[in-house]
Amino acid sequence: MRTTLTEKIGEVAVAVFLWGFRILVVSVVIIGTILTIREGKYTGVQWIDFIVFGIARGSIYAMIALGYTMVYGILRMINFAHSEVFMSGAFGGYFLANAMGQSGFLDKYPVLGLVAAVLVGMLVSAGVALLVERIAYRPLRKAPRLVPLISAIGASFFLQYTFRGFFGPGIYAYPNVKVLSGEWNIFGIGILKMQVVVAVAAFIMMAVLYTIVMRTKIGKAMRAVSENKDVAALMGIDVDGIIVATFGVGAAMAGAAGVLYALMFRQVNFFMGFTPGIKAFTSAVLGGIGNVPGAMVGGIVLGIFESIGPALFLDGLGIIRPYQLQDAIAYIMLVMVLLFRPSGIVGEKLTTKKA
Amino acid sequence: MNKQLRLTFGKAVRTGLIGGIVALFLCLVGIVEIFGKRSLIEGLISLGHVFLFLSLLATGFVTASRKSDQAPLGRLWLSLAGTISGAVAGIVLALFMLLGSVINIRAMFIHASPDLYKILSFGRGMAGVWLLLLVGAALGALGALIRVLPSRIQKPLMQGFIGILLVGLFAGLVRPLLVAIPGLPEALGRYLFGQTGLTQGGALITFILIAGIVAFWSARGKTVQARVAKWPRSGQLALRWVFFGLAGVLALTLPLFSGPFIAQVIVLISLNILMGLGLNITLGFAGLLDLGFVAFFAMGAYTVGLLTSYGEYGLAHISFWAVVPIAILVAFMVGAFLGLPVLGMRGDYLAIATLGFGEIVRLLAGSDFLGKWLGGPQGVIGIQKPCLGILGPYVGLGIPRVCHGLELGGPKEIYYLAIICAILVAFVASRLRDSRLGRAWMAIREDEDVAEALGVNLIQTKLLAYMLGASFAGLSGAIFGTLVGSIFASSMQLMVSINVVCLIIVGGMGSIPGVVVGALVLIGLPEAFREFSEYRFLFYGAALIVMMLVKPGGLWPSSIVQRELHLDVKNDTGPNNAPTSAD
Amino acid sequence: MAILTANKVTKRFGGLVAVSSLDFEIEKKTIASIIGPNGAGKTTFFNCITGFEKANEGEILFDGTPIHNLRTDHIAHLGISRTYQNIRLFADMTALENILVGQHLHLHASWMGAILGTPGTRREETKALDEACRLLNFIELSGKGDLLARNLPYGAQRRLEIARALATKPKLLLLDEPTAGMNPRETEEMMAFIRRLRDELEITILLIEHQMRVVMGISQRITVLDYGVKIAEGTAVEIQNNPKVIEAYLGRGSVVGSRATQPASSSMPASTTTR
């Protein structure tokens, strides 16, 4: 057996590096946490704030993650343009919400108005996703893997700058929904109404999606196609139609998430999809790519981690302005999951290389 | 009406609708309006019009295209079909205008502006709607005609139009070149060119000239080519060298008679060529989609920054020339560092993981956490310029060192450095490609399982691709750092990586001339035309999609390069020797 | 002496057992075949030998060295190479380049040498090119070295794949359906070619084949698999008369049965293959 010295060194180096990375991250987290708690800089209320915020944001990531995970399950490709689908939903809802807000409709019938905005957002994003699928993905289904990936990246940028061209580079503010501002007093703790509503809405929609995927005929067809496209076709399933339906449903979720996100952060901007998109993808991988409930779990976990992370471990280590590194926490989680557990916390082995 | 006709007319309407929507898209996105400010033919057609016309022409062209298995249709019918599709597209636009006159579309789409309506209506207000329909139909017919005309007529016509487009676009370059030719009166320049494009007379002359040349070439060109092919091999090679030599002379003397702006553009192009060649190895040869490529660029830049700066973050004060090899080495090692963990991953996961790395590097570099060493959001400033001579000693904080010799201070001087480096790197890349390692890379890209079965150590080989690609990027970053004089983490964006990826895809993966072409097109165009840079990423995105759909090999694919460059491989048809057997 | 020995090799994919407790041996410098209906586990067995798949149980020894836990490129180093059922050439590389990649194992120039163009590197490249041209001659493709692999006719592609495998200077060559899609004349040529490999280059050859006349015509030993289990092994005559083999094939509706009682002869017209 001819193993050259360089090869052996290489393999040792890889192992050392990977272990070192793991140990580094784990120790940062543990030591930081201990130091922070000892310092006691943050009160219990503040922690709860962080956690609730994390759940709210995480549930939005979860909704977006559903699109990634379902498309990956069916087509084995990362839909890079999904973050722009999310953004388009936010924009779609924006115009309606703005009009309603200005006319006072939103204040008189807030529930109706919000539901309408969410529906419009879902429609717009589904439309965008179907266009992208038809133009940039479908013709490339049989191409080597790199090709649709690059096409997806291209679609992502194209959409971003299209929206910039249509609506301008500025940041648009969602109207302030009076009903949703302020706090509710739950168990003696003040929790922002907006966050609760967002989280609850997200959970409801995800529950609906889960029921669709697990209980209905079309859901079964989706799962069949994601197991084996060719066999599903032989069973009489209209594979193209199912693919379109998957894109549509995933997009609708993302679109709704877009409106919720915009409501929470009051901002709409052509570039807003990028970071949530990556975080949503991380959530999808965390939960096991292709695994629908896993994506939901992954989203919440990521949301909480990134929310309490800077305060919990970075602050304790004396890192100034830790919030700058908030996104870095998400990225590091992404890298760690991809490196060490690509099948995710809950997931199936959809990611192992075929020998 | 027979079936073929019905089908064709149906297709015409569909194509017209799509064309109309595309044209509408161009309007709403603002391309028509912004490019409308720049005229192609003075007083007649602006670039905005060009976009519109192209989409209308295209509908006619596409409608008149028949697939080879379809029955042929008379030219007249096809032209009619083209007219219909053009008219339909025109109707779409007209409807838009009518809507716009009633509703304030601008409340939502910011580019539905009065300027846009002026362009669409050819300056005639609502009456222009009819003109629009007419123009649509006419262009549709023209598009169809171009498609169905025999190649003898079609080619010169098309090339003539393309010629007007190109010369008009590049008027800024062509005009000074023309004027620089001794013997030509300056008045000629003024006659041919307007402020930004051609004059009407100039357009006509350009069209006739180019159409004429093309017509001549297609008629007589074959004989000329045949005669050249009969020349001895050395003659043909000599011709190539002359061509390259001319290009070389042009490249070397360009900064002397153009402004510093053009020099800067070329420096940026060269830096992108450097990075492109690096990513060409990682992605083009080995097939590893690295979206975090900018991290290596950052390594090179920060190394130069930290080791040569006379500002507060300068760790040492070494001359640029000494730091460059260090920067390359640092990038090389970081390549190993970032590459090792991701090498086992599959394509899309590799892409996202590397993207994550790139972002982590950016966030860390710009954070206050590491601000003490890396300058935080304010970055590292005060980077010493390279000095061809003796560099004076480090005097104090914030004071640049004196250069006793030629200081490469501005783009005009760095231009030469950049070009020389680009040529050097291209040379290294081509040597690598034709080596055992290069072939191993290409085998991995084609089919990595089979490559492994032939004895290729996947991890080592991929890692080398990563590291070598990284070192090129490091060099590019080093030059960039000294060009700008300061480094900010905010310039180490994902966009830079995407830029380079686009370059390679458009130019041709794995092809070295392709990288040059890609850089020229994707960097040169937006820099030269401010209007393009507004929509830069829109074009990039569309370019990526279109390239993948139509020409995944790129504009100058590596397979063409192979054929051209390997004509001299000897293929001896000697006696039927059995190859050496296993021991 | 057996050059390759497999002991109780088992490979499972989830609940499906592709190869079941297979014992197999092949003698040096012989031609052996593995046959069996589709899905019998033949290609999976090849994959286990070359390291594409890792056997769940059992061991594989090559020249006495255990290889079942080695990486694929190590196994190639040891002297095993193969061709593939669906041709897997490097389509966008030229024929010569395909062969040159095959020589990867035997070239030792470093990349630094390549960049600098050292005389050592240049000498090695020239030698490699010569060797590649000789292989091209051997497979009768001389002069076509600069054609892209994707542009070669089918038969030439098959031969090129073999040439690429030969470039690794293997001791054992695994050929997966080398005559698939060939007409009788091409099949004859391939059979003669395979015999040359054994006789002139002294390579041991293991074939997976469906064309019975090839199997019967050139194999010194035939192993029959069905559902991952070895059901028979022996010479051509023994196999043709083995009732279990006949049942396995007839039971699938193939037409081999009618030839089963006739002695092996290379002038037999081609039988229908079970594809």
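Quick note: the coordinates plus some simple rules give every number you see, no bench work behind them. Since we're looking at a predicted model, the values are computed, not measured. When we count neighbours, we look across all protein chains shown, and the Cβ atoms used for this are built from the backbone with ideal geometry, even at glycine.
Dividing the summed -39500 (n - 2.57) terms of all DSSP H runs of n ≥ 4 by the residue count of chain C sets its mean residue ellipticity at 222 nm at -11000 deg cm²/dmol. For the peptides C:146-152, B:497-503, the ranking by packing is B:497-503, C:146-152, with the highest mean count of neighbouring Cβ atoms within 10 Å listed first. Charge dipole (Cα centre; +1 on Lys/Arg Cβ, -1 on Asp/Glu Cβ; no other charges) of the protein assembly as shown amounts to roughly 2320 debye. Among the trypsin sites (Lys or Arg not before Pro) found in the range B:118-201, those both in a DSSP coil and sparsely packed, with 16 or fewer other Cβ atoms within 10 Å of their Cβ, are B:R124. For the pair C:M112 and C:V237, label points projected 7 Å from Cα toward Cβ lie 6.4 nm apart. Would you mind computing the Rg to Rh ratio of chain A from its alpha-carbon coordinates, Kirkwood style for Rh? With Rg and the Kirkwood Rh in hand, the quotient comes to 1.00. Between A:V28 and B:R190, take the C-beta separation as r, use R0 = 45 Å, and let me know the FRET efficiency to the nearest 0.05. About 0.05, to the nearest 0.05. For the range A:122-150, the residues whose amide N sits under 15 Å from a probe point set 7 Å from the Cα of C:N86 along the beta carbon direction are A:141-145. When peptides A:327-337, B:394-404 are ranked by their average number of other Cβ atoms within 10 Å per residue, the highest-first order is A:327-337, B:394-404.
Report the FRET efficiency, 1/(1 + (r/R0)^6), for C:M1 and A:R138, where r is their Cβ-Cβ distance and R0 is 56 Å, rounded to 0.05. With R0 = 56 Å, the Cβ-Cβ based efficiency is 0.50.
Put simply, the amide H of C:V17, placed in the peptide plane, has no neighbours under 5 Å, leaving out anything fewer than 5 places away on its chain. Counted by neighbouring Cβ atoms within 10 Å, the residues B:M492, B:M275, B:M467 run from fewest to most as B:M467, B:M492, B:M275.
Evaluating 6.51 cos²θ - 1.76 cosθ + 1.60 at θ = phi - 60° for every residue in the range B:310-319, the Karplus couplings come out as 9, x, 6, 9, x, 7, 9, 10, 9, 6 Hz, glycine and proline recorded as x. Computed extension gain for B:R106 through B:R346, at 0.36 nm per residue and net of the alpha carbon distance, reaches 81.8 nm. Estimated from the Cβ-Cβ distance and a Förster radius of 51 angstrom, the FRET efficiency linking A:L35 and B:V402 is about 0.55. Taking a cut-off of 30 Å between Cα atoms, list the lysines near A:K41, but don't count ones fewer than 8 places away on the same chain. Once the sequence-local lysines are set aside, what remains near A:K41 is A:K193, A:K279, B:K372.
Here's how it looks for B:Y313: its modeled amide H is under 5 Å from those of B:I381, which are all 5 or more places away or on a different chain. Computed from backbone phi with θ = phi - 60° and the Karplus coefficients 6.51, -1.76 and 1.60, the 3J(HN,Hα) list for the range C:81-95 is 9, 8, 10, 10, 4, 9, 3, 10, 7, 7, 4, 8, 10, 6, 4 Hz; x is used for glycine and proline. Note on chain B: Cα-Cα pairs beyond 36 Å make up 49% of the total pair count. Placing a label point 7 Å from the Cα of B:I205 along the Cα-to-Cβ direction, the residues of the range B:31-64 with a backbone N closer than 18 Å are B:40-44.
Isolated cysteines in the protein assembly as shown, defined as those with no second cysteine Cβ under 4.7 Å, comprise B:C27, B:C421, B:C502, C:C48, C:C133.
Within the same chain, lysines fewer than 8 places from C:K29 are excluded, and of the rest, those with a Cα less than 20 Å from its Cα are C:K169, C:K171.
Full extension of the chain segment joining B:K3 with B:A219 gains 73.9 nm, where the gain is 0.36 nm per residue of separation less the Cα-Cα distance. Each stretch of four or more DSSP H residues adds -39500 (n - 2.57); spread over every residue of chain B, this sum gives -22500 deg cm²/dmol at 222 nm.
Its DSSP H runs of at least 4 residues, each contributing -39,500 (n - 2.57), put the calculated 222 nm mean residue ellipticity of chain A at -24000 deg cm²/dmol, to the nearest 500. Put the Cα centre of the range C:1-65 next to the Cα centre of the range A:120-136 and the gap is 50 Å.
Using the Karplus relation 6.51 cos²θ - 1.76 cosθ + 1.60 with θ = phi - 60°, the per-residue 3J(HN,Hα) values for the range C:99-109 come to 5, 4, 4, x, 7, 3, 4, 9, 9, 10, 5 Hz, with x marking Gly and Pro. If you bin all the Cα-Cα distances of the range B:1-109 at 5 Å, starting from zero, the percentages per bin are 2, 13, 19, 18, 16, 13, 9, 6, 3, 1. Shape class for the protein assembly as shown, computed from the alpha carbon gyration tensor (a ≥ b ≥ c): rounded, with a/c under 1.5. Under 5 Å between amide hydrogens, built in the peptide plane, is the criterion, and for B:G508 it picks out B:L555, B:W556 among residues at least 5 positions away or on other chains.
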